[in-house]
1. Just checking, how many residues over segment 300-333 are within 13 Å of the ligand (Cβ to nearest atom) and among the acidic types (Asp, Glu)?
2. If you scan segment 86-102, which residues turn out to be within 23 Å of the chain's Cα centre (by Cα) and either small (Gly, Ala, Ser) or open to solvent by less than 30 Å² (accessible area, probe 1.4 Å) (or both)?
3. Quickly run through segment 229-258 and pick out the residues that are open to solvent by 20 Å² or more (accessible area, probe 1.4 Å) and under 19 Å from THR130 (Cα atoms).
4. Might you let me know whether segment 215-228 holds any residue that is surrounded by 24 or more Cβ atoms within 10 Å (Cβ to Cβ) and of a type in the set (Gly, Ala, Ser)?
5. Go through (1) open to solvent by less than 10 Å² (accessible area, probe 1.4 Å); (2) outside any loop (DSSP other than H, G, I, E, B); (3) out of contact with any strand residue (DSSP E or B) (no Cβ under 7 Å at 6 or more places or on another chain) one by one and return the number of the condition PHE8 breaks.
6. Run VAL151 past the list (1) within 10 Å of the ligand (Cβ to nearest atom); (2) open to solvent by less than 10 Å² (accessible area, probe 1.4 Å) and report the number of the one that doesn't hold.
7. Identify the residue in segment 166-182 that is within 14 Å of the ligand (Cβ to nearest atom), of a type outside the set (Gly, Ala, Ser) and out of contact with any Gly (no Cβ under 8 Å at 6 or more places or on another chain) and, among all such residues, is most open to solvent (accessible area, probe 1.4 Å).
8. Would you mind finding the one in GLU290, GLU273, GLU283 that is among the charged types (D, E, K, R) and either within 12 Å of the ligand (Cβ to nearest atom) or assigned by the TED database to the domain that holds SER153 (or both)?
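The values are calculated or read from the model by the stated rules, or taken from the named source; none is laboratory data. Because the structure is predicted, anything quoted here is derived from the model rather than measured. Cβ atoms come from the backbone with ideal geometry, glycine included; neighbour counts cover every protein chain shown. SASA here: full protein model, heavy atoms, side chains in, ligands and nucleic acids out. Shrake-Rupley method; radii C 1.70, N 1.55, O 1.52, S 1.80 Å.
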Amino acid sequence: MSQTNRRFLLAKRPVGAVRRDDFSYETVPAEQPGEGQVLVRNLYLSLDPAMRGWMNEGKSYIPPVALGQVMRALGVGEVVASNHPDFKPGDHVSGALGVQDYFTGEPQGLHKIDPNLAPLPRYLSALGMTGMTAYFALLEVGQPKAGDTVVISGAAGAVGSIVGQIAKVKGCRVVGIAGGAEKCQYLKDELGFDGVIDYKAEDVLAGLKRECPKGVDVYFDNVGGEILDAVLTRINFKARIVICGAISQYNNKEAVKGPANYLALLVNRARMEGFVVMDHTKEYGKAAQEIAGWLASGQVKSKEDVVEGLETFPETLLKLFNGENFGKLVLKV
Ligand SMILES: NC(=O)c1ccc[n+]([C@@H]2O[C@H](COP(=O)([O-])OP(=O)(O)OC[C@H]3O[C@@H](n4cnc5c(N)ncnc54)[C@H](OP(=O)(O)O)[C@@H]3O)[C@@H](O)[C@H]2O)c1
């Protein structure tokens, strides 16, 4: 029996924000698995700001998606046919499954997940790539110590919300920068952040002066741009700035705007360090176990924002850039 596969192929390199016509959307029979291959029915796809970067030509930490190729996406799904000894129909897996109904290919890079231990979308959030990013980027690059003031931008998002909660576990004063009263309220009331700055409603520098009277020891940067520049003016001696992302810059048609206030690093003998989660794939198991423990004890909460319908992919992806997602953005296929 051949399954029908709806899929989004990258048709052209977007200029600025993605548009539906940057993709071709087609319906084809799913490819049947060859020797050593598996056929996976995709159930949930992870929509990530990084996808915008993968559509650009040029050197990065991972090759761009080629024109005419299925758009790359992480996801979770169920094996429906297998010619590989390690996988059988009914297994649930996580990996780079693509923006489509069915993945056919070698299972290297797929790993098994247990749907009885956590809801499937959680394997794309706290227990998935964004949780791993929060864990390793904060602990290894940010190196928070009890009593430090940790400031996080994109704080109500998938990565930021977990970073803040881990920093609380480590005994830090945690200040989140996010857009809108509802998100800021959530950070304080639900996640226990000590302070919040609504960058859409107030001056970030004034907010930093109010919420960080002792300065900033760790800045976890998800957004770059003007917010990064504002935080640089408040950093402490030997501060650590984690360059996790710069979503305010991803849709730029001109060059990325670098920080004007970078000499604050010199004055404070501070450092900024880039981070790529893929460097830690071998250690994911250990981190997932520790995060699962915090989820079970209630010290960390995970929120997923699930949108239904593969066909909505381009518009749903845009939510990340408009701040319309609240929690980890997941597309239910
Ligand atoms: N380096 C790595 O290995 C790695 C891995 C995963 C993610 N990342 C990066 O981590 C960051 C967060 O990713 P995520 O998956 O957790 O996404 P997310 O925070 O769940 O969603 C993106 C959020 O960014 C905020 N935003 C959008 N445009 C903005 C702007 N111009 N200025 C300020 N905030 C803006 C919006 O929140 P508001 O409503 O608050 O504006 C939006 O909800 C991204 O930069 C991503 O590229 C890096």
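1. The number of residues fulfilling the criteria is 3.
2. Selection gives VAL93, SER94, GLY95, ALA96, LEU97, GLY98, VAL99, GLN100, ASP101.
3. Scanning segment 229-258 gives ILE243, CYS244, ALA246, ILE247, SER248, TYR250.
4. Among the residues of segment 215-228, not one is surrounded by 24 or more Cβ atoms within 10 Å (Cβ to Cβ) and of a type in the set (Gly, Ala, Ser), which makes the answer no.
5. In the conditions (1) open to solvent by less than 10 Å² (accessible area, probe 1.4 Å); (2) outside any loop (DSSP other than H, G, I, E, B); (3) out of contact with any strand residue (DSSP E or B) (no Cβ under 7 Å at 6 or more places or on another chain), PHE8 misses (3) alone.
6. Among (1) within 10 Å of the ligand (Cβ to nearest atom); (2) open to solvent by less than 10 Å² (accessible area, probe 1.4 Å), the lone unmet condition for VAL151 is (1).
7. Initial filter on segment 166-182 (within 14 Å of the ligand (Cβ to nearest atom)): 166, 175-182.
Next cut, of a type outside the set (Gly, Ala, Ser) only: 166, 175, 177, 182.
Next, from what is left, pick out any that are out of contact with any Gly (no Cβ under 8 Å at 6 or more places or on another chain): 166, 182.
On the way: ILE166: 0, GLU182: 134 Å².
Checking each candidate, the answer is GLU182.
8. Details: GLU290 fails: either within 12 Å of the ligand (Cβ to nearest atom) or assigned by the TED database to the domain that holds SER153 (or both); GLU283 fails: either within 12 Å of the ligand (Cβ to nearest atom) or assigned by the TED database to the domain that holds SER153 (or both).
From the options GLU290, GLU273, GLU283, the qualifying one is GLU273.
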